[in-house]
Amino acid sequence: MAQAADAARTVILTVDDDPGVSRAVARDLRRRYGQSHRIVRAESGESALQALRELKLRGDLVAVILADYRMPQMNGIEFLEQALDVYPGARRVLLTAYADTSAAIDAINVVDLDHYLLKPWDPPEEKLYPVLDDLLEAWRRSDYRPVPSTKVVGHRWSARSSEVREFLARNQVPYRWYSADEPEGQRLLAAAEQDGQRLPLVVTPDGTPLVAPEAPELAARVGLATTPTADFYDLVVIGGGPAGLGAAVYGASEGLRTVLVERSATGGQAGQSSRIENYLGFPDGVSGAQLTDRARRQAARFGAEILTAREVTGLEVSGAARIVRFSDGSAVAAHSVILATGVSYRQLQAPGCDDLTGCGVYYGSALTEAPACQGQDVYIVGGANSAGQAAMYLSRGAKSVTLLVRGESLSASMSHYLIQQIEEAPNISVRARTVVESAHGSGHLEQLTLRDVDSGRTEEVDAQWMFVFIGAAPLTDWLDETVLRDERGFILAGPDLTADGRPPSGWELDRPPYHLETNVPGVFVAGDARAESAKRVASAVGEGAMAVMLVHRYLEQS
C-alpha cells in the first residue's frame, strides 16, 4: 500500500516549447504510465521550474524529467541544470534532434544526463518506453525519498544568519530559509519558544531547535561527522579543498586508513566557485559545489573518514607518531600527515567593511546570497580568476556588475578565457586602478567610497552588494615553529627548504626530504598552502595525489 501511495504521488515531468510536440509527449507518457504516475507537462523552462518548485513544496516526488533541447530563453541543458538543484535524484532525459547529439553528449558533464532521445521516437513501444522503464526502475532502486530539510529562521541583513546558510549550503545540507518577519518564520520561532532576540534559529530535521549554533554543534546536529572513529590512522589530511580531497581519494583507494579534517566545509575556495571552466574533463565547466560533492562522495566510497567543523590548533611529533591537536583539546595521531590547509581571502582594510561583513560585504562567492542580487548593482573587488568567475555568475541576474581592480588590467592575474567572457558580457564593467576607500551603511551596506589610485579622486556610489577576492593568506599560523614557512606563511617543502639543496637544520634521516615533504619527516604539504604552488584546482588535485605516493614511500622506509 505504501509503495502504491508513493507511485500515485510520483511525477514524470516533460517540457517542450512546441505545444503540439508537448501534447504528443504527454499523450505517449499517459498511455503507458498514467495509471501509476502523474504526468505534468510544461511549455517553457521557466514554467517547468515553477512546477518543480511547487511540487517540492507539496512534498511530491519527481522520478523523471524530459526536456527538449531547443527551447528559447532557456534551453534544455540550462533547464536541467537548474532542475538538478530542485530534484537532484530525478532521472534526466534530453529530447534532441539528430543534429544536436553533440550537445546531448556534452550535457553528460554538465547535468549528469541519464539519457538522450532522438525525436521522433515512433513507435514509442520500441524507442521511448524501454528507456523510461529502465530509468524508473533505477530511480526506484535509488534513495529517492525526500530527506526532511533543516529550517533556518533569521534576518536578511544578519552576518550570523549568512554564515549559517553558507555553512549548510557548502556542506550540501538541504535547508529552507525563513525570514523572522514572515508568518512561517514567526510560527517557527513561537514553536521553539523564542522571541527572535537571538538568531538565527535552526530547526533540525528531527525538530530540534538550535539557537545561534556554532559550527561544531550545527555540524553534529545535521548529520555531519565531527568525531574520528579511531585514535590512530595511517594518514591524516588537514584541509578539505581540492588538494585535501585528492589526497583523501588516493590515500583511501590505495589502502591507507585515512581521515580528512576540515574546519568549515569541503571544497575550500574552489568549492565556492560558481563555474570552473578550465578543469580537465569538463568542457562546459563545472561548479565548485558539484566538483566538491563528487570528490567528497568518492573519498567516502573508498573509506576515507571526513570530519567537518573541526579546527586544528597544533601538530606534534612523538617518535614515529604525528599528533594533530584540535581546538577542543582532543587529538588524533597518525603515521603521516598531509597539510592541505589552503588559503583564505585577505580582509579588505577599509573603514566600515568589518562592521558590514555578512551584511552586504562578503568574502568569496557567498552563492547563497546570489538570488537576492537579482536586478541589483553588484561590486566585486579583485582581478583573479575567482573574481572573474563570480562576475560571470552574478551577471546572469544582476542589473550591473562592476569589477574593481587595483592593477592596470585583468591580464596580469586572470585567465584569457575569462577575460574574453567578461568583455563580451554587456552588464559587466571593469574599473582598473580603483580601490575601495570605505564602506557605509546602517545595518547593511548602502554606499561605497571608491578611490582612483593614480589621481587620488574619490567617488561615492550606491551599493548593497560587494564581494571581495583580494589575494590569499595561507592558513598556517597554527603550525608555529614545528613546520618551516616562508615570510608570508606558505609552507616550505622539498628543494625549497634550503638554498644549497642540503637537508634543513634538525633533519635526522640519511636522505633529503621528498619533493612535497616538509622539514618534519612524514609531514607533507599539497596545494595552495605550499610555497610557490601554482594556485590552480588541477595542480592542487595533482599534488594531493603525489603527496600520497610520497607517503607510501615514507611508510615503506620507516
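Worth pointing out:
- The length gained by stretching the chain between GLU316 and GLU137 to full extension, at 0.36 nm per residue less their Cα-Cα distance, is 59.2 nm.
- Taken about its Cα centre, the range 483-544 carries a charge dipole of roughly 180 debye when the Cβ of each Lys and Arg holds +1 and the Cβ of each Asp and Glu holds -1.
- Label point distance in nm, SER400-ASP181, each placed 7 Å from Cα along Cα→Cβ: 2.6 nm
- Listed peptides 384-392, 127-135, 74-82, 507-515 by packing density, highest first (mean Cβ within 10 Å): 384-392, 74-82, 127-135, 507-515
- Straight-distance candidates among the lysines for linking to LYS56, with alpha-carbon spacing under 27 Å and chain neighbours fewer than 8 residues away dropped: LYS151.
- Taking other residues whose beta carbon is less than 9 angstrom from the beta carbon of GLU43, and scoring Lys, Arg as +1 and Asp, Glu as -1, yields -2.
- Heavy-atom accessible area order for VAL317, VAL236, largest first, 1.4 Å probe: VAL317, VAL236
- Each pair of Cα atoms in the chain enters the Kirkwood radius, and Stokes-Einstein at 20 °C and 1.002 mPa s then converts it into a translational diffusion coefficient of 83 µm²/s.
- Couplings 3J(HN,Hα) for the range 245-260, derived from phi with the Karplus relation 6.51 cos²θ - 1.76 cosθ + 1.60 (θ = phi - 60°), are 5, x, 5, 5, 4, 6, x, 5, 5, 9, x, 7, 6, 10, 10, 9 Hz, where x marks Gly and Pro.
- Paramagnetic reach from LEU555 (point 7 Å along Cα→Cβ, amide N under 19 Å) across the range 247-288: 247-261
- Residues with amide H under 5 Å from that of THR14, placed H, sequence gap 5 or more: VAL40, ARG41, ALA42, LEU66
- Working note: Cα gyration tensor of the range 391-438, eigenvalues times five, square-rooted, sorted largest first, giving semi-axes of 18, 15, 7 Å.
- Here's how it looks for ARG257: its modeled amide H is under 5 Å from those of ASP234, LEU235, which are all 5 or more places away or on a different chain.
- Cα shape, the range 390-476, gyration tensor, a/c 1.5 rule: rounded
- Rolling a 1.4 Å probe over the heavy atoms of the protein chains gives the chain an accessible area of 45 Å² per residue.
- DSSP beta bridges fully contained in the chain are about 35 percent antiparallel.
- The percentage of C-alpha pairs in the range 122-258 whose separation is greater than 17 Å is 70%.
- Length gained on full extension, ASP500 to ALA191, computed as 0.36 nm times the residue gap minus the Cα-Cα distance: 104.4 nm.
- Taking amide hydrogens as placed 1.01 Å from N in the peptide plane, the amide H of ARG176 sits under 5 Å from those of THR150, LYS151, VAL152, each at least 5 positions away in sequence or on another chain.
- Helix-only mean residue ellipticity at 222 nm for the chain, each DSSP H run of n ≥ 4 adding -39500 (n - 2.57), per residue, nearest 500: -9500 deg cm²/dmol
- Whole-Hz Karplus values for the range 124-134 come out as x, 4, 9, 10, 10, 4, x, 5, 5, 4, 5 Hz, taken residue by residue from phi with 6.51 cos²θ - 1.76 cosθ + 1.60 and θ = phi - 60°; glycine and proline positions read x.
- Taking the inverse of the mean reciprocal distance over all distinct Cα pairs, the Kirkwood hydrodynamic radius of the range 516-558 comes to 10.7 Å.
- Net charge, ARG187 excluded, C-beta distance under 14 Å - Lys, Arg +1, Asp, Glu -1: -3
- J(HN,Hα) series, the range 421-435, from Karplus relation 6.51 cos²θ - 1.76 cosθ + 1.60, nearest Hz, glycine and proline x: 5, 5, 5, 8, 7, x, 9, 10, 10, 10, 10, 7, 6, 10, 10
- Local electrostatic count at ASP134 - Lys and Arg +1, Asp and Glu -1, tallied over other residues with Cβ under 10 Å: -2
- Surface composition of the chain: carbon and sulfur atoms hold 48% of the protein heavy-atom accessible area at a 1.4 Å probe.
The values are calculated or read from the model by the stated rules, or taken from the named source; none is laboratory data. Quick caveat, the model's predicted, so the values are computed rather than measured. All Cβ positions, glycine included, derive from the backbone under ideal geometry; neighbour counts span all protein chains shown. Ligands, DNA and RNA are excluded from the accessible area calculation, which covers all protein heavy atoms including side chains. Shrake-Rupley method; radii C 1.70, N 1.55, O 1.52, S 1.80 Å.
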